[in-house]
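Notes follow the structure.
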Amino acid sequence: MKAIKKAIMKTMRLASCGRGISAGLALVLLMPVFALAWLQISSQAWAETPADCRVAETQLDNSFPLPRVEAAISNKKLAILVLGAGSSRLPGPQGTLLAYPARLQSALAQKLPGVAVTVVADVKLGRTARDMLADMRAAVAAPPRPALVVWQTGTVDAVRSVDPEAFTRTLTKGVTAAKAAGADVVLMNMQYSPRTESMIALGNYADSMRWVALQFEVPLFDRFQVMKTWNEMGTFDLYRDTKKMDIAERVHDCIGRLLADLIIGAAKPGGAVPPIDVK
Amino acid sequence: MVAGERDLRLDLFRGIALWLIFLDHIPTNIVNWATLRNYGFSDATEIFVFISGYTAAFVYGRAMRDRGFIVATARILKRTWQIYVAHIFLFAIYLAEISYVANSFDNPLYGEEMGILDFLRQPDVTIMQALLLKFKPVNMDVLPLYIVLLGFFPPVLWLLLRNASLALVASGVLYALMWTFGWNLPAYPEGSWAFNPLAWQLLFVLGAWCALGGVQRLSRVIASRVTIALAVAYLILCFAVVMTWYVPRLAVLIPHTVAEIIYPIDKPNLDILRILHFLALAVIVVNLLPHGWAGIHSPVFRPAIVCGQHSLEIFCFGVFLAFAAHFVLTEISSRILVQVLCSAAGIVLMVAVAEVLSWYKNLDRKGSSPRPPFTQADLAGGGA
C-alpha cells in the first residue's frame, strides 16, 4: 500500500507541475476525505433502540413512504406478510417464536398501542425469489389481505447462482404484483455471514435488490450492512462456531425491532422522513 | 507501427490492477476503501482485460508477422492451456477451503448460507462442471474469461494485422448483438457467466487494436483539451453517482428518469457506462504519463511493474492470498489493524514472488548452457 501511495504521490507531483489537470487531481485527493466522512456519519448511533441493536441511522433509511401501512395503522388493524427463506427462521422447537417475524410483531404491538398487529410468516428453507413469487401472488390476494409484504430474498439465489437478470425480473414482478394487490413492500436483503463471505458472491444480487427498491420506491431493509456493522462494532460475534441459540436469538430480536422502526418511520402521516434531514 | 520496446506503463498498471483485485477479493477489508471500484463505475478488471489485450497483440502480433499464423497460433494456444491449468489449480485450493469450512463451522443463524456446501455431496458432477469451466466459484471468473478470449484470439489477431479497424468494428458489432439478443455462455448449476466473454471481448480487442497502431491514430484526440475536459467531467459525475450508493439518503437526488436509464450498471455484460469510465481514466492516465516518460524507471514503480510482468502467476497467487487473508481474518482476528497488516503482507508477498520469478527468468536467459536463450513470447506475459 505504501508503495502505491508513494507512486501516486510522485505521479501527481510530476503531473501537476507539467500539466494543469487540477480538477482530476482534486478528485483523487477528495476520495479519502469522502471515505472518512462516510465512516464518521455511520458511527452515529440510532436512537431509542436497545444498546444491542444500535446501528447507523443512514443504514436504516426510510426515504420511501408506506401509504397502505399508514392507512392500516389509522384503521387500527395492521396485517403483515413476511415472505422468506431459511434466514427468516431459527431452528428448534421455539424457533418460530424467536425468529424476527415474531419479534417484529411484538415490537410493532408495543410501539403501536391500540392497533391489532398480525404478522404472518410464510417461510421455507431454500426458496429462491422465483419459488416465492407464486406464493406471494396468492397471499396478497387472499384474506386477510396484508397491508405490507416484507420480502426477504437473495441468499438462495446467490448460492445457486441464479442469473442476476432473471433475479431482477422476478423481484420486479413480485413488487409489482404486491403493489397491484394493494400492499406496500419492504425488501430485505441477505445476512452478513463472515465465514461464507468468500464463497457466496452476493454482490450482483444485493445490487439488484437495491436497484429494484429505488426503481419502485420501496424501502430496503439492508440486513447485510446492519449485521456487518454489528460484527465490526463487536455487538455480536458472527464468526462464532456454536450450536447455542443465544446470539442468534438476540440477532433476530434486533432485526425485528429495527424492522419495526423502519416500518413505523416510513408510515408516518405525511410521508417518510425527508430524504436529507439536518440533524 | 509497433514500438520495439516493451511499454513499462502497461506493466505498471497491470501490477496495480493485480494489487487492487487482491484487495477487493478479501471480503472484509478496510483497505478496500482505497480501491478503484468505490469511486467509479469500472474497476481493476477493466484495466486488466484491456492491458492483456494490448500485450497479447504486442507479443503475438510480432510472432504472427515474423513467423506466420501457425506458429503464433500454437503459442497462443499453449498460453491458453497454461491459464487453464492455473485455473484448475485455483479450483483445487477452493475445494480445500470450502471442505474445511464444511467440517468446522456450525451456527444456527446460517443454515441457509451453508447451502453453498451442498455441491460437496455430488463431487462427480461438480468437478466435471468445473473442468468444463461451467462451475466457477466466487472470484474465479476472470481466468475462464481469459481462456475463452485467448482461445479465439488467433483469427482475431489475423484480422487485426490485415485491417485493424475492421476487426474493431466486428468486435463492436458482436458486443451490440450480445446486448440485443442477450447472448452469454451457460454456467452451472444455473445462470450464465459472471464475465460474459461476448461482452468483455470488446475491451480485449480494443486493447489489441491500440497496441497495433490505434494509439498513434488516436493521439491527437487523446491529447485534446476537449477530450480531457469530458473525461474529467465524466469521472466526477460517476464519483457523485457512486457516493449515493453509500449514503442512501442521497439516492433521491438522482432524477428518476436518469436512474432508469443508467441502472442497473451491468458488470457481467460490461455496461457501456463502465467502458466509458475506464476510457476516461485511461485518457487521464495517458496524458499524465506520456509515452517515453522517464520517471517510469524510478525504483518507486519497480514493485508494481515486476508484478505486472508476471501477471498470470501473480494473479493466481493473489487469489490464493485472498483466501489465506480471509482465513486469518475469520480464524484469528478481524480487527482493522489485522486487515491492514494482511493487505500489506499480501502485496509484499506478491512483489517478492514476482521478483523470484524474474530471477528465474534471468537464469534461463543468461544461463551458461549453449542452447539458444529461452525467450518465448508467451512468457512475456501475453495472456493473463
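Where a number appears in this text, it was derived from the coordinates with a stated rule and is not lab data. Worth saying up front: this structure is predicted, and the values here are computed from it rather than measured. Quick reminder, even Gly has a Cβ in these numbers, built from the backbone with ideal geometry, and neighbours come from all protein chains shown.
What to note about this one:
- Charge tally in the Cβ shell below 13 Å around A:Gly114, where Lys, Arg are +1 and Asp, Glu are -1, A:Gly114 excluded: +3
- Value in Å of the Kirkwood radius, where the stretch A:51-266 supplies the Cα pairs that are averaged: 17.3
- Inter-label distance, nm, simple model (7 Å from Cα along the C-beta direction), A:Glu217/A:Thr176: 1.8
- Residues whose placed amide H lies under 5 Å from that of A:Val186, excluding near-sequence neighbours: A:Val149, A:Val150, A:Trp151
- The value obtained for the protein assembly as shown, namely the Cα convex hull volume divided by the number of residues, is 164 Å³ per residue.
- At full extension, B:Val348 and B:Thr180 could sit 56.0 nm farther apart than now, given 0.36 nm per residue minus the alpha carbon distance.
- Computed helical MRE - 222 nm, the protein assembly as shown, DSSP H runs ≥ 4 contributing -39500 (n - 2.57), nearest 500: -19500 deg cm²/dmol
- Helix runs (DSSP H) in chain B reaching 27 Å along axis by Cα, Kyte-Doolittle at least 1.6: B:225-246, B:311-331
- Shape call, the stretch B:266-365: gyration tensor on alpha carbons, a/c limit 1.5: oblate
- Shape of the stretch B:8-380, Cα gyration tensor, a/c cut at 1.5: rounded
- The A:Lys268 and B:Tyr360 beta-carbon pair, evaluated with R₀ = 56 Å, returns a calculated FRET efficiency of approximately 0.25.
- Charge tally for A:Ala177 (other residues, Cβ to Cβ under 15 Å; Lys, Arg +1; Asp, Glu -1): +3.
- Formal net charge of residues neighbouring B:Asp271 (Cβ-Cβ distance under 15 Å; K, R +1; D, E -1): -3
- In plain terms, chain B is cut at each of the trypsin sites (Lys or Arg not before Pro) found in a DSSP loop with at most 15 other Cβ atoms within 10 Å, and the longest leftover piece is B:7-334.
- Members of B:Lys136/B:Lys267; B:Lys78/B:Lys267; A:Lys111/A:Lys243; A:Lys76/A:Lys179 lying beyond 23 Å, as alpha-carbon distances in this model show: B:Lys78/B:Lys267; A:Lys111/A:Lys243
- Sites counted here are chymotrypsin sites (Phe, Trp or Tyr not before Pro) in a DSSP loop (not H, G, I, E or B) having no more than 16 other Cβ atoms within 10 Å; the longest part of chain B that contains none of them is B:1-151.
- Magnitude of the charge dipole for the stretch B:8-380, about its Cα centre and with charges confined to Cβ atoms of Lys, Arg (+1) and Asp, Glu (-1), is about 1680 debye.
- Projected label points at B:Asp66 and A:Lys111, each 7 Å from Cα along the beta carbon direction, are separated by 7.1 nanometres.
- Using a cutoff of 8 angstrom between alpha carbon atoms and counting only pairs six or more residues apart, the relative contact order for chain B works out to 33 percent.
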